[in-house]
Every structure is written in C-alpha cells, then in structure tokens.
C-alpha cells in the first residue's frame, strides 16, 4: 500500500488475506488482521445477557433476490449503494462471484459474495408501497420505553443498522419533536439525524432525485403530523434515567 492515504476505500465481506483491489480499481483495499479475515454481520442488542449486557441476536436474512449491474441496493450498515459490477475473482485462493457496491457519499466500495448476499442483509430498494408503509409509521404515536437512555440508544442504532425502512421510521417517529415540544438532547439529535439520513437516501433513490430534496420532502411531511403524548410501552428492568 502506498504511503499516501487514498480518498476512497474498499471494504470486503470476503477473506482478506489476498484482498487487494483489482488493478483497474480506482480505490485501495485495506487488509485486516488474521483474526478478522472473516467479518460477521454487525451485532445487534436484544435481550439482556450475562452481566446485564444486551444479548447478541442474529440479523434477519433478506429475501432471496437477483442483483444486476446498475441496481440500487441497500446494505444494512451502510445504506443505499449502487451495483457497479458482478464478477468472479480469486480471493485467498478461492474463486468467488462478488457484487461490487459503491457508496458515492462515503467514497467507498464494498465487495459481497453473491452466496452471502442474503445472509448479509443485502436487498433491493423498497417498493413505493413499502416506503409508504414507512411513512405511515411516522404518523403513529411515539413508543418510549421506560428504561435508561443508553439502552434505548442501542436499540435505536440496531434499528438503523437493520436497513429495514419500517424500523428506521420508528426511530424517527420516537425522536421527532414538533414546535413547542422539549428539545432533543445531543445524542438524541445524532441518532435522529442518522435515521433521517437513511430514510432520505432511500427516498431519493426511489424518487430519482437528490438527497437534499428528499430530506426536505420528509421534513415537510413531518410538519403535517400533530404529535400526541407518547404511547406507554413496557418497562425494562431498569428505570428511566433522569
């Protein structure tokens, strides 16, 4: 790898021992330590485990889909990207059919084996009906658990990283504030903006427009919603922090 840092990077969901970027690639592959050669799906908090820590639950596999060059797709932890090409390459002595996905905003390329696409959660864009269902979630009453903010924050981040527009819409619904309501805390604002960014990116791809236009469309939609008091939710074993 050259001394000069690249302005873009390639991330692989394949063994990294020989994962250099192809000669014609404009990006640079990063190598991982031996113990990290196989990357597992992001860990998601769920039921309490040992020592009161969230227990890791597996990601729900996406529906089996066929991807082609030019498709806009959603990868759970990175959001919307575009399939640049699908090609067979030799990685660490194995010939694998890889999906090359570019994320323009992050200047990043992800290579996912076709055989692992479903378990990795890779999916095509939501349909218009599915996205309308997500917008309908925004109109619902917020459901705020009576538990510590740190636990709720983990659950919100897990929903965002699930890549599911309905789950992401729940985060926006719960953390959105209309005029006259208490302001969000700094950490609430960060998670809220992350969820809004994911929804807006997918909406922009659906509408074939840019993200700022989609962000404004969502903001205008939220202004039409009159928020009532949060709907009571089941309390966890921990009390809500002050």
Hull surface over four for the Cα convex hull of the range 116-176, reported in nm², is 4.8
Proxy reagent accessibility, fewest Cβ within 10 Å first, across 220, 133: 220, 133
Given a Förster distance of 45 Å, the FRET efficiency implied by the Cβ-Cβ spacing of residue 225 and residue 118, rounded to the nearest 0.05, works out to 0.80
With a 10 Å Cβ neighbour count serving as the proxy for reagent exposure, in which order, fewest first, do 72, 156 appear? 72, 156
So what is Rg over Rh here for the range 128-232, counting just Cα atoms and using Kirkwood for Rh? 0.94
With label points set 7 Å from each Cα along the Cα-to-Cβ direction at residue 132 and residue 193, the distance between them in nm comes to 3.3
Starting from the Cα-Cα distance between residue 64 and residue 213, subtract it from 0.36 nm times their residue separation and give me the gain in nm to one decimal. 50.5 nm
Want the number for residue 181 to residue 148: 0.36 nm per residue separation, take away the alpha-carbon distance, what's left? 9.8 nm
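Bear in mind these aren't lab numbers, they're just calculated from the coordinates by the rules spelled out. None of these values were measured; they are calculated from a predicted model. As a convention, Cβ positions derive from the backbone with ideal geometry for all residues, glycine included, and neighbour counts pool all protein chains shown.
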